[in-house]
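For reference, the structure discussed in these notes is given below.
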Amino acid sequence: NSGVMSLLKPLLLDVVPTIQHTAALALGRLANYNDDLAEAVVKGDILPHLLCSLSEQNRFYKKAAAFVLRAVGKHSPQLAQAVVQCGALEMLVICLEDFDPGVKEAASWAIGYIARHNSELSQAVVDAGAVPLLVLCIQEPEIALKRIAASTLSDISKHSPELAQTVVDAGAIAHLAQMILNPDAKLKRQVLSALSQIAKHSLDLAELVVEAEIFPVVLTCLKDSDEYVKKNGATLIREIAKHTPELSQLIVNAGGVAAVIDCIGSCRGSVRLPGIMVLGYIAAHSENLSMAVIVSKGIPRLCACLMEEHEDHVKAAAAWALGQVGRHTPEHARAVAVANVLPTLLALYMDTRSSEDLQMKATLKNILQKCTYLPALEPLLHDAPPNIMKHIVGQFSKVLPHDSKARRLFVTTGGLKKVQEIKAESGSLLQEYIKTINNCYPEEIVRYYSPGYSEILLERVENYHPV
């Protein structure tokens, strides 16, 4: 408000280097504060001044200038576009080749903040020739530089398969894969993130990441003390598992399922999310892969996530994963049903406070259509809404005609009585199922359990005249 911006602008061209670099630092801090101030830097035509003699300047000025560009570009795609339009990318790419690691780091950081917004800005970064230089930066000895260069490669790769491919073509995967075992947690986070962003786009890219021999090494990250290393490690495994049964099988063979299940057990909250989804994706591919999740005791762990978590999106992921495990055969469905999780899923489905996504994921349809384990279905008869009831009654109508023990139990536990109370529309599937169930019993038994039968009996008692 006091007009400081316009006073700082001429100081960028001062004859004293210290004044130049301090003026740049002041502008950077102002622009960093909020988007209005960043906007003022652009509107005040300060950026061309800033870049005017950048190549001849000392390292302090270069770092400060890169900081200004980052501070302006971080707020929005529009501001980042303004940075690109004033020719800043070319200067930043020159800074990536600087002798001083601090200058490289500052330039890499600014480039990452531009690339992260969208694919057009990322493409501009690629066209300026930044990618091969960033791949050189991750090979430098300085940890801080490695971190920021890996982060920038991650930001470039995330938008599209084509952009990820340019990062791959520059040879990034091999260098990133070597750093999975680096002791620095922050570096590991960025490396795992970059590999995830490459692997997520397509089967070909995921296979290239796997071919860099990241298994079983990446599984050690799931035991890391740093929560974000765990989360990013699980995310990388998820982005590989989702593509094909073959890649999921490879994860299973490396011991990945047990490692992911342990990982979910050792953390809380959204850190669990990618691990939960790994189990869902693996189980979704085939009966055998789903069995691998069951055998490794994945179901109790997923049930725990459903009970312990407060966030709807984590609950929704756990509900979805359980559905993927149970949807293959009666054996798979029984494994889920025995864990006594169906009433919990039903309650979440019916809870009006549940998010729409959670309600959708908690619908039991996948599991119910395969479940023939009746003791687990019985409690649901009393609470389920009509659209779920249809599937439950349907399962009873499949099993009861062939199982005399189940027929007897169905009467003693009150199931038959409950079925008589259901109001089904005539001609509906539900009515067909009820008919099939009723046909399994003598007529007088069915009558006995029908609503209103006790009144009829009492009436008969009243009207009965003893001889």
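The values are calculated or read from the model by the stated rules, or taken from the named source; none is laboratory data. These figures come from a predicted structure and were not determined experimentally. A quick note on method: Cβ atoms are made from the backbone with ideal geometry, for glycine too, and the neighbour counts reach across all protein chains shown. We work out accessible area using only protein heavy atoms, side chains counted, and drop any ligands, DNA or RNA first. Shrake-Rupley method; radii C 1.70, N 1.55, O 1.52, S 1.80 Å.
Return a yes/no flag: does segment 252-274 have any residue that is part of a helix (DSSP H, G or I), without any contact (Cβ under 8 Å) to a residue 40 or more places away in the chain, farther than 28 Å from L346 by Cβ and among the acidic types (D, E). Don't jump to the end; show me each part of the working.
Of all residues in segment 252-274, those part of a helix (DSSP H, G or I) come to 252-253, 256-265, 269-274.
With without any contact (Cβ under 8 Å) to a residue 40 or more places away in the chain added as a condition, the list becomes 253, 258, 260, 265.
Subsequent filtering for residues that are farther than 28 Å from L346 by Cβ retains 253, 258.
Going one step further and asking which of them are among the acidic types (D, E), we end up with none.
Within segment 252-274 (the criterion being part of a helix (DSSP H, G or I), without any contact (Cβ under 8 Å) to a residue 40 or more places away in the chain, farther than 28 Å from L346 by Cβ and among the acidic types (D, E)), the answer is no, since none of the residues qualifies.
Cβ contacts < 7 Å: first residue free of Cβ contacts under 8 Å to residues at least 60 places away in the same chain and on the phi < 0 side of the Ramachandran plot, restricted to segment 442-456; second residue of a type outside the set (K, R) and exposed (fewer than 11 other Cβ atoms within 10 Å of the Cβ), any location; separation 6+ or different chain. Result?
none
Please verify whether segment 174-181 includes one or more residues that are at pLDDT 95 or above, open to solvent by 20 Å² or more (accessible area, probe 1.4 Å) and within 22 Å of V260 (Cα to Cα).
Our first condition is that a residue be at pLDDT 95 or above; within segment 174-181, this holds for 174-180.
This time we only want the ones that are open to solvent by 20 Å² or more (accessible area, probe 1.4 Å), so: 174-175, 178.
Restricting the remaining residues to those that are within 22 Å of V260 (Cα to Cα) gives 178.
Among the residues of segment 174-181, at least one is at pLDDT 95 or above, open to solvent by 20 Å² or more (accessible area, probe 1.4 Å) and within 22 Å of V260 (Cα to Cα), which makes the answer yes.
Is it fair to say I299 is more than 18 Å from L192 (Cα to Cα) and part of a helix (DSSP H, G or I)? Talk me through it step by step, then tell me what you get.
On the way: more than 18 Å from L192 (Cα to Cα): yes; part of a helix (DSSP H, G or I): yes.
Criteria met by I299.
Take the conditions closer than 30 Å to R272 by Cα and open to solvent by 20 Å² or more (accessible area, probe 1.4 Å) and apply them to R408. Does it pass? Walk me through it before giving the result.
Numbers: closer than 30 Å to R272 by Cα: no; open to solvent by 20 Å² or more (accessible area, probe 1.4 Å): yes.
Answer is no for this residue.
Tally time: how many residues in segment 422-441 are β-branched (V, I, T) and in contact (Cβ under 8 Å) with a residue 40 or more places away in the chain?
Taking segment 422-441 first, the residues β-branched (V, I, T) are 422, 434, 436-437.
Filter again for in contact (Cβ under 8 Å) with a residue 40 or more places away in the chain, leaving 434, 437.
Result for segment 422-441: 2.
Condition check ((1) touching a residue at least 40 places away in the same chain (Cβ under 8 Å); (2) buried (at least 16 other Cβ atoms within 10 Å of the Cβ)) across all residues:
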| position | (1), (2) |
| --- | --- |
| A24 | yes, yes |
| A40 | no, yes |
| D45 | no, no |
| L50 | no, yes |
| S53 | yes, no |
| F60 | yes, yes |
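Somewhere in segment 232-239, is a residue open to solvent by less than 20 Å² (accessible area, probe 1.4 Å), within 20 Å of S154 (Cβ to Cβ), modelled with pLDDT of 95 or more and among the β-branched types (V, I, T)?
yes
What number of residues within segment 65-82 satisfy the criterion of being over 18 Å from K104 (Cα atoms) and assigned to a helix (DSSP H, G or I)?
Number of matching residues: 7.
Just the residues that are among the acidic types (D, E) and buried (at least 17 other Cβ atoms within 10 Å of the Cβ), please, taken from segment 140-172.
Restricting attention to segment 140-172, the residues satisfying the condition of being among the acidic types (D, E) are 140, 142, 155, 162, 169.
If the condition is that a residue be among the acidic types (D, E) and buried (at least 17 other Cβ atoms within 10 Å of the Cβ), then D155 is the only one that fits.
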